Amino acid sequence: MAKPQKSDLDKYISGIYNYCDRWCERCSMTEKCYLYAEDQKRIQVHLKKGEDPYDMDIVIKDIEENFKNTFKMIRDFAEEEGIDLDDLSDVEYKEPVPEKHPVFQLAHRYFMMANKYLKKIRDTIQEFGIDLSKKIQIFPSTIEHVDRLKEVGNCYEVILWYHTLISAKVYRALCSTRFGDDENKDELDEVDIYDSDGSAKVAYISIIKSLAALRDLHTWFEEIDNKELQDETLSLLVVVDKLRRMVDSVFPGHKDFKRPGFDD
């Protein structure tokens, strides 16, 4: 991948992809995203070669190539600035340990609970003749209450997408604050704080969307008289709402964070 020229980058919003939810299919800002544009180019290159761009071996090779290009750009920049990357001062930092923080532990607990819950939802929806491996927009119109089932299918997709993202973004937010490295915690700079707040904001938005989806599913399980899944949904709602309050408390700066492109 060649180094992009400034003129090529002018049409994109700088850093818009750093604090998004990576759900490109549902994003209205893809035309402003450099990362999305590059990925579309990658896909087209492989399709022209008759290759599957989503094959895991091909994806891994592409990632390796991106890392090589990134390291080269870093070294080129360091050389321009007169920085010797092989002769940096030996500053020791402890590895952050976000796994020990209660907010991450709760986020991970939600991930584990949601993972089991999603299978039960999938089985329940499929009892109505719905194939969730297909897009919810093309549910057969012959199915009774198709509009309601589309809403339910959408809730399923929302929980499926965000249940992994929430814990990942909470983890990153804690890493940026160097949780567990008490000796160097006072050395946090603006970049650390900015990234922590931005990551926490993505987690918070994901939590809010998950809460809305869970509430709708709870109503649906009441409609179809499924007491077991009603109770499980309620348990998840309690955990997610507690997580919402914890993210608010641990990362108060997320409330004022402006995500490039989304909150401008």
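The values are calculated or read from the model by the stated rules, or taken from the named source; none is laboratory data. Source: prediction; values computed, not measured. Cβ atoms come from the backbone with ideal geometry, glycine included; neighbour counts cover every protein chain shown. Only protein heavy atoms, including side chains, enter the accessible area calculation; ligands, DNA and RNA are left aside. Shrake-Rupley method; radii C 1.70, N 1.55, O 1.52, S 1.80 Å.
List the aspartates and glutamates whose alpha-carbon lies under 16 Å from that of residue 169, not counting same-chain residues fewer than 8 positions away?
21, 99, 192, 195, 197, 248
So which of 227/255; 48/209; 116/242 end up more than 30 Å apart by C-alpha?
Those over the limit are 227/255; 48/209.
Given R₀ = 51 Å, FRET efficiency for residue 97-residue 264 by Cβ-Cβ distance, to 0.05?
For residue 97 and residue 264, the calculated efficiency is 0.90.
Highest mean first, what order results for 199-206, 239-246 on Cβ atoms within 10 Å?
199-206, 239-246
To the nearest 10 Å², what's residue 257's accessible area with a 1.4 Å probe?
10
How would the range 28-124 be classified by its alpha-carbon gyration tensor: rounded, prolate or oblate, with rounded meaning a/c under 1.5 and the a/b versus b/c comparison settling the rest?
oblate
Using a 1.4 Å probe on the protein heavy atoms only, what accessible surface does residue 13 show? Give it in Å² to the nearest 10.
So the heavy atoms of residue 13 present about 50 Å² to solvent.
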